[in-house]
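Okay, structure first, notes after.
What follows draws every value from the coordinates through simple rules; no lab data is involved. Being a predicted model, the structure only gives us computed values, none of them experimental. Here the Cβ is made from the backbone with ideal geometry for all residues, glycine too, and neighbour counts use every protein chain on show.
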Amino acid sequence: MDKTIKALVLREVKYKEADRILTVLTEEGKMTMKAPGALRKTSKCSAATQQLTFSDLTLYTRVGHWQVREGTVIEGFDGLRRDLEKLSLAAYLAQVLETVSDEDVASPELLQLGLNSLFALSNGLAEDWLVKAVFELRLACLTGYTPELSGCMQCGETEGELYFDCERGGLVCGHCREYGAKRVSSACLAAMRHVVSVSAKKIFSFTLTGDAVAEFADLCEKYLLTQLDRGFSALDYYKSIRII
Ligand SMILES: [Zn+2]
């Protein structure tokens, strides 16, 4: 029996003559499927099975595996495809989503974060660095690594100079800090508190200026990579082509 899903294509790999093997993210979790003939000009699912496309896909099963019968693009994120920097950043977001999502584990919030971030990036609703940093911090929260931002994790101190410890996952005060904890400015801390606490629609609605921009961007990236305990080839590539 056919079934229809709404799916964000995270990865596509060419298979045989004209097929694609897809890894997609849906509200129900991650799925792998084959799109037979997707690379043929006459295909009914060519556009809908492109990487970084959100699509309605009609599936059928064949010897226990999902295959795409046809597809319709819901959102193509066209702005990404006109800009190599944005496209590379989007590929990093997709690689992170693929890494943290599981098959058969519902993840509507993860899908929503992915779609909102790609849409913001594609349409220039927020600057690229901000989309990246917000995605990283919010994703950390969704995968169980919400940082402790109310006060020192050890003694509860909320006043004075505060530091952020990426390993321990939160704030520490001057007395409790260990090697590696980094001083965090009040502007950066306010931005982090915003991202972890507001509703999904408001995550990009704040401004940062001056030194706090680089501070926030560095901290969010370092925090996610530290908590996931890994790097990403797509992030390395993005950094290598980014115009400074
Ligand atoms: Zn303390």
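Structure values in brief
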read-out	value
For the chain, calculated [θ]222 nm from helices alone, where every DSSP H run of n ≥ 4 adds -39500 (n - 2.57)	-11500 deg cm²/dmol
Cα-projected label distance for LEU84 with ASP104, points at 7 Å along beta-carbon direction, nm	4.3
Backbone N within segment 39-57 under 15 Å of label point (7 Å from LYS3 Cα along the Cβ vector)	57
Pairwise FRET efficiency - LYS16 versus SER185, Cβ, R0 = 41 Å, nearest 0.05	0.15
Total charge dipole magnitude, the chain, about the Cα centre, Cβ charges on Lys, Arg, Asp, Glu only, Debye to nearest 20	1020
Furthest towards positive pole of dipole, VAL13, GLY180, LEU97, structure part the chain, Cβ charges	VAL13
Stokes-Einstein D (µm²/s) once Rh is taken as the Kirkwood radius of the chain over alpha-carbon pairs, at 4 °C in 1.567 mPa s	68
Counting all C-alpha pairs of segment 201-244, share separated by more than 13 Å (%)	69
C-alpha center-to-center spacing [segment 195-229, segment 117-182] in angstrom	7
Within segment 152-166, backbone nitrogen closer than 15 Å to the virtual label 7 Å beyond the Cα of ASP211 toward Cβ	161-164
Relative contact order %, segment 19-93, counting alpha carbon pairs below 8 Å whose residues are six or more apart	23
Relative contact order (percent, whole number), the chain, Cα cutoff 8 Å, 6+ residue spacing	16
Positive-end residue of ALA140, LEU121, LEU189, charge dipole of segment 112-195 with Cβ unit charges	LEU121
Total charge dipole magnitude, segment 31-101, about the Cα centre, Cβ charges on Lys, Arg, Asp, Glu only, Debye to nearest 20	400
Reduced Cα scattering model of segment 3-117, Debye log10 I(q)/I(0), q = 0.11, 0.12, 0.13, 0.22 Å⁻¹	-0.32, -0.38, -0.45, -1.29
Neighbour cut-off at most 10 other Cβ (10 Å), DSSP loop, GluC sites (Glu not before Pro), segment 1-102	GLU17
Chain lengthening between GLU167 and ARG62 when straightened (0.36 nm per residue, less Cα-Cα)	33.3 nm
